[in-house]
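Asks: First, the structure itself, so that you have it in front of you.
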Amino acid sequence: MSHIARRILLIEQEYPRRLALKSALKAAGFEPCGEAAGADEAAELARSLRPDAVLMGGEAGKRGLQQLRELASLQIAPLIYLSPAPEQAAEAAKAGAYAVLPRMAEAELILPALEVACARFAERQALRRETEDLRDLLALRKTLDQAKGILMRQYHMSEQEAHRRIQRYAMHKRLTVKSVAEAIVKATGGKANK
């Protein structure tokens with residue numbers, strides 16, 4: 001069986017349960033890279049260890065969900081939440097858990113949940129990067145269009161000529177097209193259209 005996740009941060013208040021989970025993870029080929037008794041120290045461990053996944057035994061009530069929310073907001077790794085109350089499952093998912101299992105779930109349930117959570121987390125991270133790339137591309141396009149408009153107006157040239165001039169200047173000065181376009185817009189106060 002190949003695993004998507006290898007390094008697991010384990011958060012569990014009860015020491016005997018933490019040992020049992022640690023043993024099950026090791027037996028399945030996962031590496032428990034750190035362990036904590038509570039979410040407070042777990043946040044610091046998550047930042048420093050950068051685990052592939054976090055397995056968190058939850059506390060009952062709103063405190064457990066708040067700890068989950070805080071840890072999930074770091075967006076370091078997918079969080080699998082072992083809920084003490086089945087009625088908290090929907091709230092735990094909204095709070096950022098990638099999988100919610102009963103508090104005393106056995107390894108046979110936890111291990112596949114770890115793999116699924118890691119796959120979902122990787123997909124979400126890829127979508128986030130793609131969204132950022134598209135946002136950057138759209139901003140570049142807007143700035144480039146502004147710069148071309150400025151050149152077209154000032155030098156009475158076509159859009160194609162303005163684009164070529166920006167490209168040639170960028171190559172000649174070893175700059176990016178983006179930085180040249182931004183400089184043109186900045187030099188004119190950002191007024192492409194009058």
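Values quoted throughout were computed directly from the atomic coordinates according to the rules given, and no laboratory measurement underlies them. Only a predicted model underlies this, so the values are computations on that prediction, with no experimental measurement involved. Note that we place each Cβ from the backbone using ideal geometry, even for glycine, and neighbour counts take in every protein chain shown.
Asks: Testing the spin-label approximation: label points 7 Å from Cα along Cα→Cβ at Gln160 and Glu123. State their distance in nm.
Replies: Going by the 7 Å Cα→Cβ label model, 4.4 nm.
Asks: A further question follows. Using a Cα distance threshold of under 27 Å, what count of lysine pairs results for the chain when pairs must be 8 or more residues apart or interchain?
Replies: For the chain, qualifying lysine pairs total 19.
Asks: Across all directions of projection, what mean area in square nanometres is found for the Cα convex hull of the chain?
Replies: If you wrap the Cα atoms of the chain in a convex hull and average its projections, you get 15.9 nm².
Asks: Place a +1 charge on the Cβ of each Lys and Arg in the stretch 17-158 and a -1 charge on the Cβ of each Asp and Glu, then give the dipole magnitude about the Cα centre in debye, rounded to the nearest 20. Provide the component values of the computation, followed by the final result.
Replies: Values: 20 positive and 19 negative charges, 107 e Å.
That gives a dipole near 520 debye.
Asks: Given the stretch 132-187, report the % of alpha carbon pairs whose separation exceeds 15 Å.
Replies: Working: 687 of 1540 pairs.
Of all Cα-Cα distances in the stretch 132-187, 45 percent exceed 15 Å.
Asks: What is the calculated FRET efficiency for Glu87 to Ala139, with r their C-beta to C-beta distance and R₀ = 35 Å, to the nearest 0.05?
Replies: On the way: r = 44 Å, r/R0 = 1.27.
After rounding, the FRET efficiency stands at 0.20.
Asks: Can you tell me how much longer the chain between Lys26 and Arg6 gets when fully stretched, taken as 0.36 nm per residue apart minus their C-alpha distance, in nm with one decimal?
Replies: 6.2 nm
Asks: Residue farthest toward the positive end of the dipole of the chain, with Cβ of Lys/Arg at +1 and Asp/Glu at -1: which of Ser73, Pro32, Leu19?
Replies: Of Ser73, Pro32, Leu19, it is Ser73.
Asks: Placing unit charges on C-beta atoms (Lys and Arg positive, Asp and Glu negative, everything else neutral), compute the dipole magnitude of the stretch 132-187 about its Cα centre in debye, rounded to 20.
Replies: So the magnitude is around 240 debye.
Asks: Once whole DSSP H runs in the chain are found, which of them have Cα atoms spread over 27 Å or more along the helix axis and a mean Kyte-Doolittle score of at least -1.0?
Replies: Membrane-span-like by this rule: 107-155.
Asks: Can you give the local net charge around Gln167? Use residues other than it whose beta-carbon is closer than 15 angstrom to its beta-carbon, Lys and Arg +1, Asp and Glu -1.
Replies: +4
Asks: Further question on the same structure: About the Cα centre of the stretch 80-194, how large is the charge dipole given +1 on each Lys and Arg Cβ and -1 on each Asp and Glu Cβ? Please answer in debye to the nearest 20.
Replies: About 1320 debye.
Asks: Give the calculated FRET efficiency between Met104 and Ser179 to the nearest 0.05, with a Förster radius of 45 Å applied to their Cβ-Cβ distance.
Replies: Here the calculated transfer efficiency is 0.20.
Asks: Note down the net charge around Ala36, summing +1 for each Lys or Arg and -1 for each Asp or Glu among other residues with Cβ under 14 Å from its Cβ.
Replies: Result for the neighbourhood of Ala36: -4.
Asks: Here is a follow-up. What's the longest uninterrupted piece of the chain once you rule out the GluC sites (Glu not before Pro) that are loop residues per DSSP with at most 15 other Cβ within 10 Å?
Replies: Longest stretch, sites excluded: 15-105.
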